[in-house]
1. Any residue in the stretch 1-18 that is within 16 Å of residue 293 (Cα to Cα) sitting within a Cβ distance under 7 Å of a residue that is in a strand (DSSP E or B)? List the pairs, counting only those 6 or more apart or interchain.
2. Can we say residue 95 is modelled with pLDDT of 90 or more and out of contact with any helix residue (DSSP H, G or I) (no Cβ under 8 Å at 6 or more places or on another chain)?
3. When only residues in the stretch 308-329 that are exposed (fewer than 12 other Cβ atoms within 10 Å of the Cβ) and assigned to a helix (DSSP H, G or I) count, which is modelled with the lowest pLDDT?
4. Only one of (1) under 29 Å from residue 306 (Cα atoms); (2) in a helix (DSSP H, G or I); (3) modelled with pLDDT of 90 or more; (4) under 11 Å from the mean Cα position of the chain (by Cα) is not met by residue 200, so which one is it?
5. Within the stretch 148-185, count every residue that is touching a strand residue (DSSP E or B) at 6+ places or on another chain (Cβ under 7 Å), surrounded by fewer than 21 Cβ atoms within 10 Å (Cβ to Cβ) and within 30 Å of residue 50 (Cβ to Cβ).
6. In the stretch 272-285, how many residues are touching a helix residue (DSSP H, G or I) at 6+ places or on another chain (Cβ under 6 Å) and part of a loop (DSSP other than H, G, I, E, B)?
7. I need a count of the residues in the stretch 10-56 that are part of a helix (DSSP H, G or I) and closer than 30 Å to residue 142 by Cβ.
């Protein structure tokens, strides 16, 4: 398989990857359907921004944000049946039951752990010891500008955490199970080892939670943009949107079975970080996963980092065996 050269790398040599927006499929159907699936993403973002901007103070609560997020996911789950991107990604009862387990773990176990040892504890300690009056210039900025900066700062941290997981073997062990998913749907972002999900959730965006309105507005970007990373819906993504924001297309490339393609599109919300640092690949892929699309079950997902870490340490102690090729090697930039 020859692949396509993107910057200094060859994309699609191991598994088919569609490179270039002009080669991506479009929504089929009448003008109303075309209109809806072209403007749905921007409309939701602008709607959420307007809601959090004008909502009464008694509504500016994290619990309201969680409720909106759950309702939004239910809506997107319905869209997956109405206009799927790929039939091969169609949700089955087995996949749905597995996804429910991971979503439940995220809302229970991971939240409990985060409350005791997560970024919330660290941030609370820093906030109590720092003179935040020095940042009065920030709180004096227009509210929407505050929200955009918070979102971009948080995503900047996530970009480097995610990239680190693909370039440093110990972190890769925690992240690898997430790359064994063989389809994208709305709940697949919750699938992974708890250690990886805890680490990817760490970020400095929480330093700004003393600005509840701005923080909730920043969350609107994550909900209305980041949620689409794992979704089986075909959109006619506007040109300006796909240049600024991460999309399902971008993230499908990241999850493809092609090795070089997986080392791209690390951002959660703002794909411009990948464009700046040379790791962006515009395109999409249908064949996802690792080892030819092997599906990893829940038990293996839970123990994978520890089992594989133990095997690597034991092999190294016995004979100095090198770590798997490519896992710790920094990727060549994709321009």
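The values are calculated or read from the model by the stated rules, or taken from the named source; none is laboratory data. Small disclaimer: the values here were computed from a predicted structure and weren't measured. When we count neighbours, we look across all protein chains shown, and the Cβ atoms used for this are built from the backbone with ideal geometry, even at glycine.
1. 12/4; 12/19; 15/256; 17/11; 17/256; 17/283
2. Yes; evaluated as a whole, the condition is true for this residue.
3. Residue satisfying both the conditions and the ranking: 319.
4. So the condition that residue 200 fails would be (3).
5. Adding up the residues that qualify gives 1.
6. Selection size over the stretch 272-285: 4.
7. Total satisfying the criteria: 17.
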